[in-house]
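Input: one structure, supplied below.
Each reported figure results from applying straightforward, stated rules to the coordinates on display, with no laboratory input. These figures come from a predicted structure and were not determined experimentally. Backbone-built Cβ (ideal geometry, glycine too); neighbour counts: all protein chains shown.
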Amino acid sequence: MRLLPLLSVPAFAALFVWRASWREFPWGAPWIYLVLSVLLFVVYGVDKRAARRGSWRISERNLLIVGVLGGWPGAVIAQQVFRHKTRKSSFQWAFWATVTVNAVVVLAFV
């Protein structure tokens, strides 16, 4: 497992808690991250299995959309656990761009 991507999850959580300490977040924000992260973790596992079997796949666009909405922590963990989507550089660039967008929007404006 690569450590650097995994460090993004606790780093964001720490920033989230720090930001929430001086400005109130909507009460549901942590739950949105948790639910979408679990969902995206499962979806990555399903997509990895489909890739191995050569069957119907989940579109990268849908993975990125759920990630930018708040599921990216689960995606980071799933990418490492399932070793899925870690070598495709075009996807990784798009993925980390969506992570950045999500983090900046949430930490700056919420």
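For residue 43, only one of the following conditions fails: (1) within 18 Å of residue 12 (Cβ to Cβ); (2) of a type in the set (Val, Ile, Thr); (3) over 11 Å from the mean Cα position of the chain (by Cα). What is its number?
Every listed condition holds for residue 43 apart from (1).
Now for a different question. Go through (1) exposed (fewer than 14 other Cβ atoms within 10 Å of the Cβ); (2) farther than 19 Å from residue 109 by Cα; (3) among the polar types (S, T, N, Q) for residue 86 and report which single condition fails.
(1) is the only condition that residue 86 fails.
Taking residue 40 and the conditions (1) in contact (Cβ under 8 Å) with a residue 40 or more places away in the chain; (2) hydrophobic (A, V, I, L, M, F, W, C); (3) surrounded by 20 or more Cβ atoms within 10 Å (Cβ to Cβ), which numbered condition does it fall short on, given that it satisfies the others?
(1)
So, in segment 9-52, how many residues would count as being within 18 Å of residue 77 (Cα to Cα) and among the polar types (S, T, N, Q)?
Count: 1.
Residue by residue, here is whether (1) charged (D, E, K, R); (2) within 19 Å of residue 95 (Cβ to Cβ) holds:
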residue	(1), (2)
8	no, yes
20	no, no
23	yes, no
33	no, yes
40	no, yes
44	no, yes
48	yes, yes
51	no, yes
